[in-house]
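All of the numbers you see were taken from the coordinates with simple rules; none came from a lab. Just so it is clear, the model here is predicted, and its values are computed rather than measured. FYI the Cβ positions are ideal-geometry reconstructions off the backbone, even for glycines, and counts take in every protein chain you see.
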Amino acid sequence: MATTSSTLWNAVVLRAGKGAQDMLDTGVIVLFGEPVPDALSDICVVHNRGGRSPMTPKREIVPGDVLNIAGTRYTIDEVGESATSNLGDLGHVVLYFNSPDQSLLAGAIKVSGPQPQLPNQGAILTIEPAE
């Protein structure tokens, strides 16, 4: 999937840690851009921020924006106060799927949509403005 000029942020999945599926089984994906700290590498979906051209989010991520994981779209419902800056600085954010009662951590984003699958190597991740 090609990104467009309206894309706020994008990345390409490099690998998933061996504990990433266990995290997903609880409704969570932890994203981290290369280089990932050793202490977190087992639970993260590791990505190359921005693919060939790393990018920080073009603006603050807000409710109503869309997270796209390998062609599956999720509506962003809530954004923690440091989620956008963490994503730009470290490529790091915690994604909570379909968990409206989960307390929102500063570096987290809550999304709703289809049951998520762990993205494969080479999958494209994007955040796009609401249509």
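Quick rundown of the values:
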| quantity | calculated |
| --- | --- |
| Phi to ³J(HN,Hα) by Karplus 6.51 cos²θ - 1.76 cosθ + 1.60 over the range 116-131, Hz, x for Gly, Pro | x, 10, 5, x, 7, 4, x, 5, 8, 10, 9, 10, 10, x, 4, 7 |
| Förster radius 25 Å - calculated FRET efficiency between ARG15 and SER85, Cβ distance, rounded to 0.05 | 0.55 |
| Order by protection proxy (mean Cβ within 10 Å, highest first), peptides 74-80, 60-66 | 74-80, 60-66 |
| Phi to ³J(HN,Hα) by Karplus 6.51 cos²θ - 1.76 cosθ + 1.60 over the range 104-111, Hz, x for Gly, Pro | 8, 7, 4, x, 10, 10, 9, 10 |
| Helix-only mean residue ellipticity at 222 nm for the chain, each DSSP H run of n ≥ 4 adding -39500 (n - 2.57), per residue, nearest 500 | -3000 deg cm²/dmol |
| Under DSSP loop assignment and at most 13 Cβ neighbours within 10 Å, longest trypsin sites (Lys or Arg not before Pro)-free interval of the chain | 60-131 |
| Contour minus Cα-Cα distance for THR56 and ASN120 (0.36 nm per residue) | 20.8 nm |
